[in-house]
Amino acid sequence: MRNTIRNILKWAITTLKEADIDPPGINADTLLSFVLSCDRTRLYTNPDEIISDADISWYKELINERIRHVPLQYITHRVEFMSLDFFVNECVLIPRPETEILVETVLENAQDKRYSNRKITIMDIGTGSGNIAVSLAKNLSNVEIYASDISQEALEIAKANAQKHNVVDKVHFLHGDLSGAFISHIDQGSVDFIVSNPPYVSESEWKNLEPELRDHEPREALVAEKDGLCFYRRIIRDASDWLMPDGYLVIEIGETQSDTIIMLVESERHYGDIEISKDLQGKERIISARRKQ
């Protein structure tokens, strides 16, 4: 068999299909594009191009990683979020498309005329790869963002992504647990938006996750004790101290958690204008609420 793009892709697709890696075609051509440093279009416009032995050897190694359920994004160290390219590894959660709705919710509310002539202050709790903070910094001109994480390794990745997208002057990265990281950096009652995509998987749910998630993504970024709600309780309680009147709390939630989390928000009695946004699958995914006057 000649070492052409066509033949090596055929081998990879068959191998991935036999290992129940879905979808095999996208996985195969994404990894070959990565190895050859080209876009996927080139693979199909030049199917008879010969691939070097070194590239074939590397490609086969990557296919074997994927068969072991290593997520595609961790193999290539790339994921697209809000049309931006982010570096990721196994120290950070892989950004998901549904989290873009959180960013879009903030951007929409930030168009309010009361923000037109002053700097917007945002807290990002549990920033991970920095995808939320960096995306907001890229899309808002007059903004100052404080982004925290309990993981020092995650913060280093977030800083690299901020540098990559030229927003280091807008984002301050802080090491610490939830709102405790912001003490001495921000005055309470001065924040316009608090955003977070916290861990929300329960212990029982974690055991049943697909191996890509359970075995490779950081457990501490996924699991929130027995019921999956411990971080929401703390964030919702503390946010009212940090938000200015009419400031927004915007959080991502698990697909079955909306009723419970709305009850948590309402029980604090500091919030109004509670809204729910659904993801592309129609699942309730983002909750936003405003700090009462």
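The values are calculated or read from the model by the stated rules, or taken from the named source; none is laboratory data. Note that the structure is predicted; figures quoted are calculated from it, not measured. We place every Cβ from the backbone using ideal geometry, glycine too, and count neighbours over all the protein chains shown.
Overview of results
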read-out: Criterion violated by GLU212 - all others in (1) of a type in the set (D, E, K, R); (2) over 20 Å from VAL79 (Cα atoms); (3) in a helix (DSSP H, G or I) satisfied; value: (2)
read-out: Unmet requirement for LEU280, which otherwise passes all of (1) out of contact with any strand residue (DSSP E or B) (no Cβ under 9 Å at 6 or more places or on another chain); (2) crowded, with 18+ Cβ neighbours inside 10 Å; value: (2)
read-out: Test: residue in the stretch 113-136 that is among the aromatic types (Phe, Trp, Tyr) and either modelled with pLDDT under 95 or at positive phi (or both); value: yes
read-out: Matching residues in the stretch 165-197 - criterion: being among the hydroxyl-bearing types (Ser, Thr, Tyr) and in contact (Cβ under 8 Å) with a residue 40 or more places away in the chain; value: SER179, SER190, SER196
read-out: Residues of the stretch 224-263 that turn out to be in a loop (DSSP other than H, G, I, E, B) and under 20 Å from the mean Cα position of the chain (by Cα), as a count; value: 8
read-out: GLU225 over 29 Å from TYR271 (Cβ atoms) and either surrounded by fewer than 20 Cβ atoms within 10 Å (Cβ to Cβ) or at pLDDT 90 or above (or both); value: no
read-out: Cross-chain or 6+ apart pairs with Cβ under 6 Å, the stretch 271-293 first and assigned by TED's automatic domain parsing to the domain that holds PRO199, then among the charged types (D, E, K, R) and not in a strand (DSSP E or B); value: GLY272/LYS292; ASP279/GLU98; LYS283/GLU255; ARG285/GLU98; ARG285/ASP279
read-out: Whichever residue in the stretch 30-83 is in contact with a Ser or Thr (Cβ under 8 Å, 6 or more places away or on another chain) and among the polar types (S, T, N, Q) and, among such residues, is surrounded by the fewest Cβ atoms within 10 Å (Cβ to Cβ); value: THR76
read-out: The stretch 130-156, residues that are assigned to a loop (DSSP other than H, G, I, E, B) and surrounded by fewer than 24 Cβ atoms within 10 Å (Cβ to Cβ); value: LEU140, SER141, ASN142, ILE150, SER151
read-out: Verdict on VAL79 being within 30 Å of ILE274 (Cα to Cα), hydrophobic (A, V, I, L, M, F, W, C), touching a strand residue (DSSP E or B) at 6+ places or on another chain (Cβ under 9 Å) and modelled with pLDDT of 95 or more; value: no
read-out: Failed item in (1) buried (at least 17 other Cβ atoms within 10 Å of the Cβ); (2) modelled with pLDDT under 90, with LEU243 passing the rest; value: (2)
read-out: Residues of the stretch 2-25 satisfying the condition of being assigned to a loop (DSSP other than H, G, I, E, B) and of a type in the set (Lys, Arg); value: ARG2
read-out: Some residue of the stretch 162-177 being aliphatic (A, V, I, L, M), out of contact with any strand residue (DSSP E or B) (no Cβ under 6 Å at 6 or more places or on another chain) and under 30 Å from LYS113 (Cβ atoms); value: yes
